[in-house]
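Inspection log for the structure reproduced underneath, given as C-alpha coordinates.
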Amino acid sequence: MNDLLNEVVSPEDLQKFENIYHQQLYKNDVTPKAQFEYAWCLVRSKYPVDIKKGLVLLQELFTTHEEGKRDYLFYLALGNARLKQYRQALNFLNAFLNIEPNNSQVIGLKNVIEKKMTQEGLKGIAITGGAIVALGAVVSLGISLLGAAKK
Amino acid sequence: MSTGQYNYSYIFKYIIIGDMGVGKSCLLHQFTEKKFMADCPHTIGVEFGTRIIEVAGQKIKLQIWDTAGQERFRAVTRSYYRGAAGALMVYDITRRSTYNHLSSWLTDTRTLTNPSTVIFLIGNKCDLEAQRDVTYEEAKQFADENGLMFVEASAKTGQNVEEAFLETARKIYQSIQDGRLDLNAAESGVQHKPSQPGRNTLNNDQQQNRYNKDNCAC
(Lines give C-alpha, C1' and ligand atoms only; values in the text may rest on other atoms or scores of the structure.)
Protein backbone atom coordinates (compact mmCIF):
# COMPACT_ATOMS: atom_id res chain seq x y z
CA MET A 1 0.00 0.00 0.00
CA ASN A 2 2.93 2.25 0.72
CA ASP A 3 3.76 2.08 -2.97
CA LEU A 4 0.56 3.96 -3.75
CA LEU A 5 2.23 6.95 -2.13
CA ASN A 6 5.51 6.52 -4.01
CA GLU A 7 4.41 5.41 -7.44
CA VAL A 8 4.92 8.12 -10.04
CA VAL A 9 2.95 8.88 -13.21
CA SER A 10 4.93 8.67 -16.44
CA PRO A 11 5.54 12.02 -18.17
CA GLU A 12 3.88 10.67 -21.34
CA ASP A 13 0.67 9.84 -19.50
CA LEU A 14 0.59 13.16 -17.72
CA GLN A 15 1.10 14.91 -21.04
CA LYS A 16 -1.58 12.82 -22.75
CA PHE A 17 -4.31 13.57 -20.21
CA GLU A 18 -3.20 17.17 -19.90
CA ASN A 19 -3.67 17.61 -23.64
CA ILE A 20 -7.18 16.16 -23.55
CA TYR A 21 -8.10 18.41 -20.64
CA HIS A 22 -6.67 21.50 -22.30
CA GLN A 23 -8.41 20.80 -25.58
CA GLN A 24 -11.72 20.67 -23.75
CA LEU A 25 -10.84 23.70 -21.69
CA TYR A 26 -10.14 25.62 -24.87
CA LYS A 27 -13.66 24.79 -26.10
CA ASN A 28 -15.01 25.68 -22.68
CA ASP A 29 -16.50 22.20 -22.37
CA VAL A 30 -14.57 20.14 -19.83
CA THR A 31 -16.15 16.78 -19.03
CA PRO A 32 -15.83 15.40 -15.48
CA LYS A 33 -14.11 12.39 -17.04
CA ALA A 34 -11.30 14.42 -18.63
CA GLN A 35 -10.88 16.54 -15.52
CA PHE A 36 -10.72 13.49 -13.28
CA GLU A 37 -8.25 11.64 -15.50
CA TYR A 38 -5.97 14.66 -15.61
CA ALA A 39 -6.28 15.22 -11.85
CA TRP A 40 -5.59 11.54 -11.15
CA CYS A 41 -2.34 11.84 -13.10
CA LEU A 42 -1.42 15.14 -11.44
CA VAL A 43 -1.72 13.79 -7.90
CA ARG A 44 0.69 11.02 -8.90
CA SER A 45 3.31 13.46 -10.13
CA LYS A 46 6.67 13.78 -8.43
CA TYR A 47 6.31 17.55 -8.36
CA PRO A 48 4.33 19.07 -5.47
CA VAL A 49 3.10 21.86 -7.74
CA ASP A 50 1.38 19.30 -9.97
CA ILE A 51 -0.13 17.51 -6.98
CA LYS A 52 -1.54 20.80 -5.71
CA LYS A 53 -3.06 21.52 -9.08
CA GLY A 54 -4.59 18.03 -9.07
CA LEU A 55 -6.11 18.73 -5.66
CA VAL A 56 -7.72 21.93 -6.90
CA LEU A 57 -9.28 20.07 -9.84
CA LEU A 58 -10.51 17.28 -7.55
CA GLN A 59 -11.96 19.74 -5.09
CA GLU A 60 -13.90 21.36 -7.90
CA LEU A 61 -15.18 17.99 -9.12
CA PHE A 62 -16.17 17.07 -5.60
CA THR A 63 -18.48 20.05 -5.34
CA THR A 64 -19.91 19.87 -8.86
CA HIS A 65 -20.14 16.19 -9.83
CA GLU A 66 -22.19 14.04 -7.49
CA GLU A 67 -21.61 10.73 -9.23
CA GLY A 68 -17.88 10.37 -8.63
CA LYS A 69 -17.71 11.75 -5.09
CA ARG A 70 -16.15 8.68 -3.49
CA ASP A 71 -13.41 8.62 -6.14
CA TYR A 72 -12.65 12.30 -5.64
CA LEU A 73 -12.51 11.92 -1.85
CA PHE A 74 -10.08 9.06 -2.17
CA TYR A 75 -7.73 10.92 -4.47
CA LEU A 76 -7.99 14.12 -2.43
CA ALA A 77 -6.69 12.01 0.45
CA LEU A 78 -3.97 10.42 -1.65
CA GLY A 79 -2.76 13.75 -3.03
CA ASN A 80 -2.62 15.30 0.42
CA ALA A 81 -0.77 12.28 1.78
CA ARG A 82 1.78 12.59 -1.00
CA LEU A 83 2.33 16.19 0.03
CA LYS A 84 2.81 14.89 3.58
CA GLN A 85 -0.33 16.77 4.62
CA TYR A 86 -1.36 13.76 6.61
CA ARG A 87 -3.97 15.35 8.82
CA GLN A 88 -5.82 16.74 5.86
CA ALA A 89 -5.57 13.33 4.17
CA LEU A 90 -7.06 11.64 7.22
CA ASN A 91 -9.94 14.12 7.27
CA PHE A 92 -10.89 13.05 3.75
CA LEU A 93 -10.53 9.36 4.57
CA ASN A 94 -12.62 9.70 7.72
CA ALA A 95 -15.32 11.48 5.74
CA PHE A 96 -15.25 8.53 3.34
CA LEU A 97 -15.46 6.00 6.17
CA ASN A 98 -18.52 7.77 7.56
CA ILE A 99 -20.31 6.65 4.42
CA GLU A 100 -18.56 3.31 3.80
CA PRO A 101 -17.15 2.23 7.19
CA ASN A 102 -15.79 -1.13 5.99
CA ASN A 103 -14.02 -0.07 2.81
CA SER A 104 -10.76 -2.01 3.02
CA GLN A 105 -9.04 0.09 0.37
CA VAL A 106 -9.65 3.25 2.37
CA ILE A 107 -8.77 1.58 5.68
CA GLY A 108 -5.55 0.34 4.06
CA LEU A 109 -4.54 3.83 2.97
CA LYS A 110 -5.44 5.20 6.39
CA ASN A 111 -3.19 2.65 8.08
CA VAL A 112 -0.27 3.57 5.83
CA ILE A 113 -0.74 7.26 6.57
CA GLU A 114 -1.00 6.70 10.32
CA LYS A 115 2.16 4.61 10.21
CA LYS A 116 3.96 7.36 8.32
CA MET A 117 2.83 9.95 10.84
CA THR A 118 4.27 7.85 13.65
CA GLN A 119 7.50 7.27 11.75
CA GLU A 120 7.94 10.87 10.85
CA GLY A 121 6.82 12.11 14.24
CA LEU A 122 6.03 15.76 14.42
CA LYS A 123 7.51 16.31 10.98
CA GLY A 124 4.09 15.81 9.39
CA ILE A 125 2.54 18.63 11.35
CA ALA A 126 5.48 20.94 10.72
CA ILE A 127 5.24 20.35 7.00
CA THR A 128 1.50 20.93 6.97
CA GLY A 129 2.29 24.40 8.27
CA GLY A 130 4.94 24.71 5.59
CA ALA A 131 2.47 23.72 2.91
CA ILE A 132 0.11 26.51 3.90
CA VAL A 133 3.02 28.91 3.57
CA ALA A 134 3.82 27.29 0.21
CA LEU A 135 0.21 27.72 -0.93
CA GLY A 136 0.44 31.37 0.06
CA ALA A 137 3.62 31.51 -1.96
CA VAL A 138 1.88 30.10 -5.03
CA VAL A 139 -0.88 32.68 -4.71
CA SER A 140 1.56 35.54 -4.32
CA LEU A 141 3.63 34.15 -7.18
CA GLY A 142 0.46 34.26 -9.26
CA ILE A 143 -0.16 37.86 -8.23
CA SER A 144 3.40 38.85 -9.04
CA LEU A 145 3.12 37.12 -12.42
CA LEU A 146 -0.04 39.11 -13.11
CA GLY A 147 1.87 42.22 -12.19
CA ALA A 148 4.70 41.24 -14.52
CA ALA A 149 2.23 40.62 -17.34
CA LYS A 150 0.83 44.14 -17.03
CA LYS A 151 4.27 45.61 -17.54
CA MET B 1 5.71 -4.92 5.66
CA SER B 2 8.45 -4.41 8.22
CA THR B 3 11.65 -2.57 7.43
CA GLY B 4 13.69 -5.74 7.23
CA GLN B 5 11.76 -7.05 4.24
CA TYR B 6 14.58 -7.07 1.74
CA ASN B 7 15.26 -10.76 2.06
CA TYR B 8 14.06 -11.72 -1.40
CA SER B 9 15.85 -12.11 -4.69
CA TYR B 10 13.31 -10.79 -7.15
CA ILE B 11 10.33 -8.48 -7.45
CA PHE B 12 7.67 -9.47 -9.98
CA LYS B 13 5.05 -6.95 -10.98
CA TYR B 14 1.52 -8.27 -11.58
CA ILE B 15 -1.67 -6.62 -12.74
CA ILE B 16 -5.20 -7.92 -12.24
CA ILE B 17 -7.69 -6.92 -14.90
CA GLY B 18 -11.23 -7.72 -16.01
CA ASP B 19 -14.79 -6.40 -15.92
CA MET B 20 -16.38 -4.76 -12.92
CA GLY B 21 -17.62 -7.15 -10.23
CA VAL B 22 -15.78 -10.29 -11.37
CA GLY B 23 -13.94 -10.47 -8.04
CA LYS B 24 -10.46 -9.10 -8.81
CA SER B 25 -10.02 -7.45 -5.40
CA CYS B 26 -11.45 -10.50 -3.63
CA LEU B 27 -8.90 -12.72 -5.38
CA LEU B 28 -6.11 -10.36 -4.31
CA HIS B 29 -7.44 -10.26 -0.77
CA GLN B 30 -7.75 -14.04 -0.62
CA PHE B 31 -4.17 -14.36 -1.87
CA THR B 32 -2.58 -11.78 0.42
CA GLU B 33 -4.75 -12.18 3.53
CA LYS B 34 -6.14 -15.70 3.07
CA LYS B 35 -9.58 -14.33 3.80
CA PHE B 36 -12.73 -13.80 1.79
CA MET B 37 -13.98 -10.25 1.70
CA ALA B 38 -17.77 -10.32 1.52
CA ASP B 39 -19.56 -7.19 0.23
CA CYS B 40 -16.47 -5.95 -1.51
CA PRO B 41 -17.09 -2.36 -2.71
CA HIS B 42 -15.99 -1.19 -6.15
CA THR B 43 -12.28 -0.45 -6.25
CA ILE B 44 -11.32 3.17 -6.72
CA GLY B 45 -8.67 3.48 -9.41
CA VAL B 46 -6.10 0.92 -8.38
CA GLU B 47 -5.40 -1.03 -5.27
CA PHE B 48 -2.08 -2.50 -4.29
CA GLY B 49 -0.99 -5.66 -2.53
CA THR B 50 2.19 -7.61 -1.92
CA ARG B 51 3.21 -11.05 -0.77
CA ILE B 52 6.51 -12.86 -0.68
CA ILE B 53 6.43 -16.34 -2.19
CA GLU B 54 8.99 -18.98 -2.94
CA VAL B 55 9.76 -20.46 -6.33
CA ALA B 56 12.53 -23.01 -6.78
CA GLY B 57 14.05 -22.02 -3.46
CA GLN B 58 14.13 -18.32 -4.38
CA LYS B 59 12.14 -15.75 -2.44
CA ILE B 60 10.14 -13.53 -4.73
CA LYS B 61 8.14 -10.48 -3.81
CA LEU B 62 4.94 -10.09 -5.80
CA GLN B 63 3.89 -6.49 -6.29
CA ILE B 64 0.28 -6.67 -7.36
CA TRP B 65 -1.69 -3.81 -8.91
CA ASP B 66 -5.40 -4.51 -8.79
CA THR B 67 -7.20 -2.28 -11.27
CA ALA B 68 -10.77 -0.99 -10.99
CA GLY B 69 -13.11 -2.64 -13.47
CA GLN B 70 -15.41 0.33 -13.94
CA GLU B 71 -15.20 1.86 -17.37
CA ARG B 72 -14.48 5.36 -16.14
CA PHE B 73 -11.13 4.27 -14.72
CA ARG B 74 -10.02 2.36 -17.75
CA ALA B 75 -8.11 5.09 -19.60
CA VAL B 76 -5.80 5.78 -16.69
CA THR B 77 -5.48 2.22 -15.36
CA ARG B 78 -3.96 1.31 -18.72
CA SER B 79 -0.77 3.00 -17.56
CA TYR B 80 -0.37 0.34 -14.88
CA TYR B 81 -0.02 -2.40 -17.49
CA ARG B 82 3.39 -1.12 -18.48
CA GLY B 83 6.16 -3.29 -17.15
CA ALA B 84 3.94 -6.05 -15.78
CA ALA B 85 5.61 -9.46 -15.71
CA GLY B 86 2.30 -11.18 -15.05
CA ALA B 87 -1.29 -10.32 -15.93
CA LEU B 88 -4.22 -12.08 -14.25
CA MET B 89 -7.24 -11.65 -16.49
CA VAL B 90 -10.44 -12.41 -14.61
CA TYR B 91 -14.03 -13.16 -15.67
CA ASP B 92 -17.04 -14.37 -13.70
CA ILE B 93 -18.27 -17.86 -14.70
CA THR B 94 -21.83 -16.84 -13.76
CA ARG B 95 -21.95 -13.78 -16.03
CA ARG B 96 -21.44 -14.43 -19.70
CA SER B 97 -20.89 -10.74 -20.58
CA THR B 98 -17.69 -10.68 -18.49
CA TYR B 99 -16.43 -13.61 -20.55
CA ASN B 100 -17.43 -11.98 -23.84
CA HIS B 101 -15.32 -8.94 -23.00
CA LEU B 102 -12.14 -10.97 -22.58
CA SER B 103 -10.92 -10.35 -26.10
CA SER B 104 -10.95 -6.61 -25.43
CA TRP B 105 -8.99 -7.07 -22.18
CA LEU B 106 -6.60 -9.36 -24.00
CA THR B 107 -6.02 -6.82 -26.76
CA ASP B 108 -5.19 -4.16 -24.17
CA THR B 109 -2.82 -6.51 -22.39
CA ARG B 110 -1.02 -7.58 -25.55
CA THR B 111 -0.69 -3.97 -26.73
CA LEU B 112 0.52 -2.55 -23.44
CA THR B 113 2.80 -5.27 -22.07
CA ASN B 114 5.82 -7.23 -23.35
CA PRO B 115 5.73 -10.39 -25.42
CA SER B 116 7.22 -12.17 -22.38
CA THR B 117 4.40 -11.09 -20.02
CA VAL B 118 2.66 -14.17 -18.65
CA ILE B 119 -1.11 -13.93 -19.03
CA PHE B 120 -3.20 -16.12 -16.77
CA LEU B 121 -6.95 -16.43 -17.33
CA ILE B 122 -9.06 -16.96 -14.20
CA GLY B 123 -12.72 -17.97 -14.26
CA ASN B 124 -13.77 -16.76 -10.81
CA LYS B 125 -16.76 -17.74 -8.63
CA CYS B 126 -16.54 -21.44 -9.50
CA ASP B 127 -18.25 -22.16 -6.17
CA LEU B 128 -21.49 -20.96 -7.79
CA GLU B 129 -21.93 -24.02 -9.99
CA ALA B 130 -25.74 -23.71 -10.13
CA GLN B 131 -25.49 -20.26 -11.72
CA ARG B 132 -22.79 -21.18 -14.21
CA ASP B 133 -23.10 -19.29 -17.51
CA VAL B 134 -19.78 -20.20 -19.15
CA THR B 135 -18.60 -23.79 -19.45
CA TYR B 136 -15.11 -24.84 -18.44
CA GLU B 137 -14.52 -26.34 -21.87
CA GLU B 138 -15.17 -23.23 -23.91
CA ALA B 139 -13.03 -21.05 -21.67
CA LYS B 140 -10.28 -23.64 -21.82
CA GLN B 141 -10.48 -23.58 -25.58
CA PHE B 142 -10.30 -19.77 -25.63
CA ALA B 143 -7.24 -19.94 -23.38
CA ASP B 144 -5.54 -22.56 -25.53
CA GLU B 145 -6.23 -20.67 -28.74
CA ASN B 146 -4.65 -17.55 -27.26
CA GLY B 147 -1.78 -19.21 -25.47
CA LEU B 148 -3.01 -18.33 -21.98
CA MET B 149 -2.74 -20.33 -18.79
CA PHE B 150 -6.15 -21.03 -17.27
CA VAL B 151 -7.94 -22.16 -14.11
CA GLU B 152 -11.36 -21.77 -12.62
CA ALA B 153 -11.07 -20.45 -9.09
CA SER B 154 -13.09 -19.19 -6.16
CA ALA B 155 -12.06 -16.19 -4.13
CA LYS B 156 -14.74 -17.27 -1.66
CA THR B 157 -13.49 -20.78 -0.92
CA GLY B 158 -9.89 -20.07 -1.91
CA GLN B 159 -9.94 -22.87 -4.47
CA ASN B 160 -7.11 -22.49 -7.04
CA VAL B 161 -6.31 -18.93 -5.94
CA GLU B 162 -2.79 -19.76 -4.71
CA GLU B 163 -2.26 -21.86 -7.78
CA ALA B 164 -3.03 -19.04 -10.19
CA PHE B 165 -0.67 -16.55 -8.53
CA LEU B 166 2.09 -19.10 -7.95
CA GLU B 167 1.84 -20.74 -11.37
CA THR B 168 2.24 -17.31 -12.98
CA ALA B 169 5.37 -16.69 -10.90
CA ARG B 170 6.80 -20.09 -11.84
CA LYS B 171 6.27 -19.34 -15.51
CA ILE B 172 7.97 -15.93 -15.16
CA TYR B 173 10.84 -17.51 -13.25
CA GLN B 174 11.16 -20.11 -15.97
CA SER B 175 11.41 -17.34 -18.58
CA ILE B 176 14.25 -15.78 -16.62
CA GLN B 177 16.06 -19.12 -16.39
CA ASP B 178 15.60 -19.73 -20.11
CA GLY B 179 16.89 -16.26 -20.89
CA ARG B 180 13.64 -15.31 -22.63
CA LEU B 181 13.07 -12.50 -20.18
CA ASP B 182 15.75 -9.83 -20.14
CA LEU B 183 16.15 -8.55 -16.59
CA ASN B 184 17.92 -5.46 -17.83
CA ALA B 185 15.05 -4.40 -20.05
CA ALA B 186 13.36 -1.41 -18.46
CA GLU B 187 9.90 -2.87 -18.73
CA SER B 188 10.43 -6.55 -18.01
CA GLY B 189 8.39 -6.23 -14.80
CA VAL B 190 11.11 -8.04 -12.89
CA GLN B 191 13.68 -6.50 -10.62
CA HIS B 192 16.63 -8.39 -9.27
CA LYS B 193 17.90 -7.85 -5.71
CA PRO B 194 16.41 -4.52 -4.71
CA SER B 195 18.90 -1.73 -4.12
CA GLN B 196 19.50 -0.06 -0.77
CA PRO B 197 16.18 0.32 1.03
CA GLY B 198 14.90 3.84 1.36
CA ARG B 199 17.40 5.28 -1.07
CA ASN B 200 14.78 6.22 -3.62
CA THR B 201 12.46 7.79 -1.10
CA LEU B 202 15.27 9.91 0.24
CA ASN B 203 16.11 11.14 -3.24
CA ASN B 204 12.49 11.98 -3.83
CA ASP B 205 12.32 13.95 -0.62
CA GLN B 206 15.42 15.89 -1.50
CA GLN B 207 14.10 16.62 -4.93
CA GLN B 208 10.79 17.79 -3.53
CA ASN B 209 12.48 20.04 -1.02
CA ARG B 210 14.58 21.58 -3.72
CA TYR B 211 11.51 22.08 -5.82
CA ASN B 212 9.67 23.75 -2.97
CA LYS B 213 12.55 26.10 -2.40
CA ASP B 214 12.64 27.08 -6.05
CA ASN B 215 9.01 28.00 -5.87
CA CYS B 216 9.40 30.05 -2.75
CA ALA B 217 11.38 32.74 -4.54
CA CYS B 218 8.57 35.19 -4.22
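The values are calculated or read from the model by the stated rules, or taken from the named source; none is laboratory data. Predicted model, so just to flag it, every value in this text is computed and none were measured. FYI the Cβ positions are ideal-geometry reconstructions off the backbone, even for glycines, and counts take in every protein chain you see. These area figures cover heavy atoms from the full protein model, side chains too; ligands, DNA and RNA do not enter into them. Shrake-Rupley method; radii C 1.70, N 1.55, O 1.52, S 1.80 Å.
3J(HN,Hα) couplings calculated from phi for the stretch B:155-167 with the Karplus curve 6.51 cos²θ - 1.76 cosθ + 1.60 (θ = phi - 60°) are, in sequence order, 5, 6, 8, x, 4, 6, 6, 3, 4, 4, 5, 6, 4 Hz; Gly and Pro show x. Each chain gives up part of its surface: A and B jointly bury about 3000 Å² of accessible area, both sides summed, for a 1.4 Å probe. Placing dummy labels 7 Å off each Cα toward the beta-carbon, the span from residue B:103 to residue A:95 is 4.5 nm.
Database remark: amide H of residue B:95 closer than 5 angstrom to the amide H of B:133 (H placed geometrically; neighbours at sequence offset of 5 or more, or on other chains; Pro and chain starts carry no H).
Taking only the C-alpha atoms of the stretch B:38-166, Rg followed by Dmax gives 14.7, 42 Å. Eigenvalues of the alpha-carbon gyration tensor of the stretch A:2-116, scaled by 5 and square-rooted, set the equivalent ellipsoid semi-axes at 24, 17, 10 angstrom, largest first.
Arranged from highest to lowest average of other beta-carbon atoms within 10 Å per residue, in what order do the peptides B:162-168, B:176-182 appear? Could the numbers behind the result be given before it?
Numbers: B:162-168: 19.1, B:176-182: 13.3.
Going from most to least packed, we get B:162-168, B:176-182.
Other chains near A:7-18: what is the mean number of their Cβ atoms within 10 Å of each residue's Cβ?
Working: counts 5, 1, 2, 2, 0, 2, 5, 1, 0, 3, 3, 0.
Averaged over the peptide's residues, the number is 2.
Hey, what's the per residue convex hull volume over the C-alpha atoms of the stretch B:16-66, in cubic angstrom? Please report the intermediate quantities before stating the final value.
Details: hull volume 4.0 nm³, N = 51.
Taking only Cα atoms, the stretch B:16-66 has a hull volume of 78 Å³ per residue.
With a Förster radius of 35 Å applied to the C-beta separation of residue B:174 and residue B:74, the computed FRET efficiency comes to 0.65.
Residues of A:100-107, mean number of Cβ from any other protein chain within 10 Å of their own Cβ, rounded to a whole number? Kindly include the intermediate steps, with their values, before the conclusion.
On the way: counts 2, 0, 5, 6, 8, 12, 2, 0.
Per residue, the average neighbour count from other chains is 4.
Between amide H atoms placed 1.01 Å from N, distances below 5 Å from residue B:84 occur with B:114, all of them 5 or more places distant or on a separate chain.
Averaged over peptide B:71-82, the number of partner chain Cβ atoms lying within 10 Å of each residue's Cβ comes to 4.
One Cα centroid belongs to the stretch A:17-94, the other to the stretch B:44-84; the line between them spans 22 Å. Taking a sphere under 12 Å around the Cβ of residue A:32 and counting the other residues whose Cβ falls inside, with K and R at +1 and D and E at -1, yields a net charge of -3.
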